[in-house]
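Written out below as structure tokens is the structure these notes cover.
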Amino acid sequence: MIENISTAFQLFLSLENILVIGIGVLIGTIIGAIPGMTTPMGVALALPFTFTMQPVTGILLLLGVYKGGLYGGSLTAILIKTPGTPAASCTILDGYPLAQKGQARKALDIALYASCVADLISNIALIMFAGFLATFALRFGPPEFFTLIVFSLTIIAGVAGPSLTKGILSACLGLMLATVGLDLIYGTNRFIFGNYELMSGLNFIPVLIGLFAIPEILDRATRRARPAGAQRQELGNGASFAEFRKTLKSVIRGSFIGVILGAIPGIGGAPAAFLSYSEARRNSKNPENFGKGEPEGVAAAEAGNNGVAGATMIPLLALGVPGDVITAVILGAFMIHGLRPGPILFAENLPMIYALFMGILLSSAYLFIVGKVAIKTFSRVALIPNRILYPIVFTLCVYGAYAVNNNLFDILVMLCMGLVGFTMLRLEIPVAPFLIAFVLGPLLEDNFRQSLLLSDGSLSIFVRNAICWLFWLLTALSIFVLVRSRIRASQTGQASVLTTGG
Amino acid sequence: MDQSKKKDLFAGALFLVLGILTLIVLIPVGVDSPGSVEISALSPEFWPRVIAMAVVVVALCLLAESYFLKVPNLDEDEDAEADAAYKLDTLPGTLRTVILIFALFLFYFALTTLGVVASSIVLMLAMMLFFGERKWYYIVPISIILPILLYLFFLHIAGVPMPLGIFETLG
């Protein structure tokens, strides 16, 4: 244990690592603050720049972008009523009214403090539970992993959009695309059609960039720039500690909501923010103030939103199963360095995990510093118009896609995936299940076939023990809940809170 | 019938056709199976077949869903009218998208001869103009400096030389 920790310190303690987290948080905050750029897009664009870094350094940079992005979205939500990220839309409810009253600085401060506290709680939860879960998962064999992945994909498909069926279709498309290349067991060709570039399968990064950045750019061609809410000049005074302490109960409640929802694959920031907000309103002495500029509302929304950031890493690190698009990208970063998160990584590469934990803890502190600076400066950055921003983003996409393998074919893959993503955007089919299924596809198939090898082809191996049964049961339960809420939504005409993520 | 319902019916039909095509054309043509496979479930074509069948079944569910259930309102686009006015002022939205897609693929073919840097400069210029930016003191410097800076970054820091095409001698 002690030996592991001291090795971890050696891995972690370098100027590079300490700098890179700060840079990550800074980039993330800027990207998060820019309406039209989402956090997954930011992480995807940052990924190619991490290829040549050490694994720990590269992953810490991406984590920094992730955490910064979650916070950055609230800056513009408060100042100009335009959420930088979907998860920040809940912050608008009370943040913008506060800004209109000339108390923008107060709202921004409360959002920042709430974000930092929630981030810290979430990180501690990650450190406490990931190792525990990984030890438990050491008992998993191929059938258990197969059922676990089926369960995760079901949830991801269900909560990524209003319709479970569309989510599943999206996931199937991702699974199908993942089969392109050489067969895992027999080494024969699958869907190559004589094109040798396809032999090693489609590369993850061009697919990712194509799905998450190109459709936005194409869509921009048809839309007019949205007029943002007016930004008032005076920011007012900051929040005092006493003011923040009043919201602390909601912040802590929101952090735990974030941690729990974050640890379940697929749910993510937006539902956590809304749930935390409605809980804060329900428990407040003056619920009628909510929506009119109640600092507690801002705090609750931000706490829920940032509370997921550490927790989403629990299933990724302990089980190797990403819960949302960003952790799927981070999984991709692990794989580029030849690492596979999951129980084996804990068993064989513990110092590396500890080094990551140290960096993650440091990110909460960076978030505070960057946030304090950001309040003044970055609200301007957010005003870069999309007509200048999107050509820049496209150029970054092209360079990034090429740099993966020094291969022009990857740029073509990216463009084609962009068209697929654009079609899905138009048909209102969520792309998140597609990407996550694409990443998990080989793992799912591999576990499926290994199970059948073990059982000589008998399907009974998929119900061989209580763990398998548990995951099947959870899958059935989530399908039931999702279908029921879809039928209810049809009757009332309102979508449920859980499915507004995506 | 409202817009969302139409989209869902179309999506369901599209996936149904894709699933059936995969089953009867793509898998038999595209997947090479070894001569003898002891357990049929381990054959390379088994897994794609399972997914394609799932697509067919779920696509049928989507068709039923869009036929029987109402689509809940998420965020209705409040500015639909303003958007329509905008489209009348400029080119119609669909045409603009088609032009952009065409330009992006043209860009890909330009890459092979002109290299990444030169084509990016031209594309960025064109794209900013296309999206409606008119201030040349933004357009010109950004579209020239950024591709060159990125080229230098990838060359010196990441060790990836971007292809320069016919400008290879300049690099």
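Side notes on the structure shown:
- Some residue of segment A:490-499 being farther than 30 Å from B:Leu111 by Cβ, in a helix (DSSP H, G or I) and more than 12 Å from chain B (Cβ to nearest Cβ): yes
- Those residues of segment B:120-171 which are closer than 28 Å to A:Pro385 by Cα, out of contact with any helix residue (DSSP H, G or I) (no Cβ under 8 Å at 6 or more places or on another chain) and either outside the structural domain of B:Leu100 (by TED's automatic domain parsing) or of a type in the set (Val, Ile, Thr) (or both), in sequence order: B:Ile145
- Candidates A:Gly131, A:Gly194, filtered to the one that is away from chain B (no Cβ under 14 Å) and either buried (at least 22 other Cβ atoms within 10 Å of the Cβ) or of a type outside the set (A, V, I, L, M) (or both): A:Gly131
- Among residues of segment A:1-60, those that are among the polar types (S, T, N, Q) and under 23 Å from A:Gly73 (Cα atoms), counted: 3
- For A:Asn237: the one exception among (1) open to solvent by less than 70 Å² (accessible area, probe 1.4 Å); (2) at pLDDT below 80: (1)
- So A:Leu79, is it of a type in the set (A, V, I, L, M), over 25 Å from A:Asn349 (Cβ atoms) and within 14 Å of chain B (Cβ to nearest Cβ): no
- Residues that are facing another protein chain (nearest Cβ under 9 Å), buried (at least 24 other Cβ atoms within 10 Å of the Cβ) and farther than 27 Å from A:Thr29 by Cβ do not occur anywhere in segment A:376-399.
- For segment A:414-442, the tally of residues that are among the charged types (D, E, K, R) and farther than 17 Å from A:Ser163 by Cα stands at 0.
- Elements of the type helices (runs of 4 or more DSSP H) sitting completely within segment B:76-171 and holding at least 2 residues that are modelled with pLDDT of 85 or more, open to solvent by 60 Å² or more (accessible area, probe 1.4 Å) and among the aliphatic types (A, V, I, L, M): these cover B:93-131, B:136-156.
- Failed condition for A:Arg340, given (1) within 19 Å of A:Thr312 (Cα to Cα); (2) in a helix (DSSP H, G or I); (3) without any contact (Cβ under 8 Å) to a residue 24 or more places away in the chain: (2)
- Residue in segment A:407-428 that is touching a Lys or Arg at 6+ places or on another chain (Cβ under 7 Å), at the interface with another protein chain (Cβ under 7 Å from one of its Cβ atoms) and surrounded by fewer than 23 Cβ atoms within 10 Å (Cβ to Cβ) present: yes
- Residue within segment A:300-308 that is surrounded by fewer than 24 Cβ atoms within 10 Å (Cβ to Cβ), at pLDDT 90 or above and over 12 Å from the mean Cα position of the chain (by Cα) present: no
- Of note, A:Arg486 satisfies the criterion of being of a type in the set (Lys, Arg), touching a Ser or Thr at 6+ places or on another chain (Cβ under 9 Å) and within 11 Å of chain B (Cβ to nearest Cβ).
- Qualifying position, being under 20 Å from A:Leu345 (Cα atoms) and open to solvent by less than 10 Å² (accessible area, probe 1.4 Å), among A:Ile59, A:Ile21, A:Ile5: A:Ile59
- Only listed residue being assigned to a helix (DSSP H, G or I) and modelled with pLDDT under 85, chosen from A:Ser89, A:Ser115: A:Ser89
- Beta carbons closer than 7 Å, at least 6 apart along the sequence or on distinct chains, pair a first residue in segment B:38-50 that is under 16 Å from A:Asn447 (Cα atoms) and facing another protein chain (nearest Cβ under 7 Å) with a second that is open to solvent by 50 Å² or more (accessible area, probe 1.4 Å) and of a type in the set (Gly, Ala, Ser) for B:Pro44/B:Ser33.
- With respect to the conditions (1) within 8 Å of chain A (Cβ to nearest Cβ); (2) free of Cβ contacts under 8 Å to residues at least 12 places away in the same chain, B:Pro141 falls short on a single one, namely (1).
- Within the option set A:Leu173, A:Leu120, being open to solvent by 30 Å² or more (accessible area, probe 1.4 Å), modelled with pLDDT of 90 or more, under 24 Å from the mean Cα position of the chain (by Cα) and within 14 Å of another protein chain (Cβ to nearest Cβ) holds for one residue only, A:Leu173.
- Only one of the numbered conditions (1) at pLDDT below 90; (2) open to solvent by 10 Å² or more (accessible area, probe 1.4 Å); (3) over 17 Å from A:Tyr277 (Cα atoms) is violated by A:Val150, and that is (1).
The values are calculated or read from the model by the stated rules, or taken from the named source; none is laboratory data. These figures come from a predicted structure and were not determined experimentally. Cβ coordinates were reconstructed from backbone atoms using ideal geometry, including for glycine residues, and neighbour counts include every protein chain displayed. Side chains included, ligands, DNA and RNA excluded: accessible areas come from the protein's heavy atoms. Shrake-Rupley method; radii C 1.70, N 1.55, O 1.52, S 1.80 Å.
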